[in-house]
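> I have a structure here, written as structure tokens, and I will follow up with some questions on it.
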Amino acid sequence: MFDLLLHNANILTFNKDNSDFSIINNGLIGIKNGVIKLLSSDDIKNPTAKQEIDIKNKWVLPGFIDCHTHFIYGGNRAHEFQQILEGATYQDIAKQGGGIKYTVEQTRNISYEELLRISKKRLNNFVYNNGVTTVEVKSGYGLDLDTEIKMLKVAKSLGEEKYADIIKTYLGAHVTPKEYLNNSDNYIDFIIDKVLPKLVELKLVDAVDAFCENIAFNKSQVERLFKAACKYNLNLKCHAEQLTNTGVSDLLNNYKLLSLEHLEYADLKDIKNMAQNNVAAILLPGAYYYLKETKKPPVDLFREYNVPIAIATDCNPGSSPCESLLTIMNMACVLYGLTVFESIKAVTMNAAKALGLDDTIGSIELDKQADLVIWDINNPAELCYKIGAYRPDLVIKKGVII
Ligand SMILES: [Zn+2]
């Protein structure tokens, strides 16, 4: 006896060990204990279930995965967006204490309850309007111990509500806080010695990320952090080559990273390093769209060297205040030239790889977690083609309709 049966489903998925997509028309999906236990191209077996739904030939896709976000933050920067359009410069904004400094202040000052409330609204937008069932979220707007704990506790609490899986990434190495101005080496010591052990003790961290850039942290500082994180068996990720080429991909030969993220300035050597070490590329077309003046990442080289391409909203209050993964799928096609299938794979199977979760999510396969989204469309290409036209008919998380 199944818990749930979905009849007459058109199914699109990219499977773990197969680079091609697979489509089942008029299929049948059986779910038991939150896991896919039956996947059939015909509907004649007549198994029994506690609940059965006739999908009526709508499309079922794997729940989408937003694999790079900063959606837990205080305040927003709409006023700065407005000032820039009215002629202010980024220097003017910086002088008034704006930009990331503003978000750090707002995130430090907001109460836990209020941060939870506004973050839940953003998460609901991901889930119910975009069909996202797993979200990675990075800390890094507190920078001090208490605020980093507050941000990651919000992430943990949202995950415990069970309508989306939340992957918690510690991004202490986001920017040097005012307390350590001109002393970023001491700040790295602080996060290695004081913050990281506490977050591990409180079980608030799944992965560690760093922003390697000339305006943030250099390669040797990032390496020190990765070395410390390895002691706790945490996954490693890195914001890399967004504004310049830092050569941080050299670290891939010595540290097991899941992903490099941004990659506008990645070169052939970086891509070879990624390919050799099985590292996914997370591209963030929202930041390219808002910042306008950055480069396009070398998509052709990722394809040539078979580096898995994932895409994500970024969802931060500065360079990509986008909460719609569907819009990002359109941007990836229009701005970066991804095909429709590349774009869908980039938010399912490849996003799962970028989080190290491709054994459990990212595809519709037997024994995988039943994270499924039903879309009232005739052709999956519609999801990339239109902007703002669709929201899911039904979202199923671990076999439960939410
Ligand atoms: Zn980011």
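The values are calculated or read from the model by the stated rules, or taken from the named source; none is laboratory data. Source: prediction; values computed, not measured. When we count neighbours, we look across all protein chains shown, and the Cβ atoms used for this are built from the backbone with ideal geometry, even at glycine. Note: accessible area is taken over every heavy atom of the protein model, side chains too, but ligands, DNA and RNA are not part of it. Shrake-Rupley method; radii C 1.70, N 1.55, O 1.52, S 1.80 Å.
> From the P(r) of the chain, can you give the percent of Cα pairs sitting at distances over 30 Å? Can you show the working numbers first?
Working: 31743 of 80601 pairs.
Of all Cα-Cα distances in the chain, 39 percent exceed 30 Å.
> On to the next question. To the nearest 500 deg cm²/dmol, what mean residue ellipticity at 222 nm is calculated for the chain from DSSP H runs of n ≥ 4 alone, each contributing -39,500 (n - 2.57), summed and divided by the residues?
Calculated at 222 nm, the ellipticity per residue is -9000 deg cm²/dmol.
> Okay, next question. Using the heavy atoms of the protein chains alone and a 1.4 angstrom probe, what is the accessible area of the chain per residue in square angstrom? Let's see the in-between values first.
Working: 16760 Å² over 402 residues.
Accessible area per residue: 42 Å².
> Keeping all protein chains in place and using 1.4 angstrom, which order do 17, 358, 189 fall into by accessible surface area, from largest down?
Reading off the accessible areas and sorting them downward yields 17, 189, 358.
> Also: Under a Cβ-only charge scheme (Lys and Arg +1, Asp and Glu -1), can you give me the dipole magnitude of the chain about the Cα centre, in debye to the nearest 20?
Taking the Cα centre of the chain as origin, the dipole is about 520 debye.
> Restricting everything to alpha-carbon atoms, can you work out Rg to Rh for the stretch 239-337 with a Kirkwood hydrodynamic radius?
When Rh is taken as the Kirkwood radius, the ratio is 0.95.
> Please work out the FRET efficiency for the pair residue 109 and residue 41, using the Cβ-Cβ distance as r and a Förster radius of 60 Å; give the result to the nearest 0.05.
The pair residue 109/residue 41 has a calculated efficiency of 0.60.
> Compute, for residue 230, the solvent-accessible surface of its heavy atoms (probe 1.4 Å) with the complete set of protein chains present, and express it in square angstrom to the nearest 10.
Accessible area of residue 230: about 60 Å².
> How much length would be gained if the chain were fully extended between residue 341 and residue 20, taking 0.36 nm per residue of separation minus their Cα-Cα distance, in nm to one decimal?
114.6 nm
> Along the stretch 22-30, what does the Karplus equation 6.51 cos²θ - 1.76 cosθ + 1.60 (θ = phi - 60°) give for ³J(HN,Hα), rounded to whole Hz, x for Gly and Pro?
10, 10, 10, 9, 6, x, 10, 10, x
> Tell me, what is the percent relative contact order of the stretch 1-103, built from C-alpha pairs under 8 Å that lie six or more residues apart?
With pairs under 8 Å counted, the relative contact order is 27 percent.
> A further question follows. Quick check: residue separation of residue 162 and residue 220 times 0.36 nm, minus the Cα distance between them. What number comes out in nm?
17.0 nm
> In addition: Give the long-range amide H neighbours of residue 172: residues separated by 5 or more places, or on another chain, with amide H under 5 Å away, using H modelled in the peptide plane at 1.01 Å from N.
Hits under the 5 Å cutoff: 209.
> In whole Hz, what ³J(HN,Hα) sequence does the stretch 118-123 give by Karplus (6.51, -1.76, 1.60; θ = phi - 60°), x for Gly and Pro?
For the stretch 118-123, the Karplus curve yields 6, 6, 5, 4, 5, 4 Hz.
> Distance between Cα centroids, the stretch 112-179 to the stretch 351-395: provide it in whole Å.
22
> Of 19, 119, which has the most accessible area and how do the rest follow, probe 1.4 Å?
Highest to lowest solvent-accessible surface, that is 19, 119.
> How large a share of the accessible area of the chain, in percent, is made up of carbon and sulfur atoms when the probe is 1.4 Å and the other protein chains stay in place?
Percent of accessible area from carbon and sulfur atoms in the chain: 49.
> Taking a virtual spin label 7 Å from the Cα of residue 1 along the C-beta vector, which residues in the stretch 362-402 bring their backbone nitrogen under 18 Å of it?
Answer for this model: 400.
> On each of the three principal axes of the Cα atoms of the stretch 1-141, give max minus min coordinate, whole Å, ordered largest first.
69, 33, 28
> Using every pair of alpha-carbon atoms in the stretch 135-245, split the distances into 10 Å bins beginning at 0 and state the percent of pairs per bin, rounded to integers.
The percentages, shortest bin first, are 15, 49, 30, 6, 0.
> Here is a follow-up. Scan around residue 143 for amide H atoms under 5 Å from its own, H built in the peptide plane at 1.01 Å from N, and keep only partners 5 or more places away or cross-chain.
So residue 143 has HN proximity to 148.
> Translational diffusion coefficient of the stretch 263-402 at 10 °C, 1.306 mPa s, Stokes-Einstein with Kirkwood Rh over Cα pairs, in µm²/s as a whole number.
Numbers: Rh = 15.9 Å.
D, rounded to a whole number, is 100 µm²/s.
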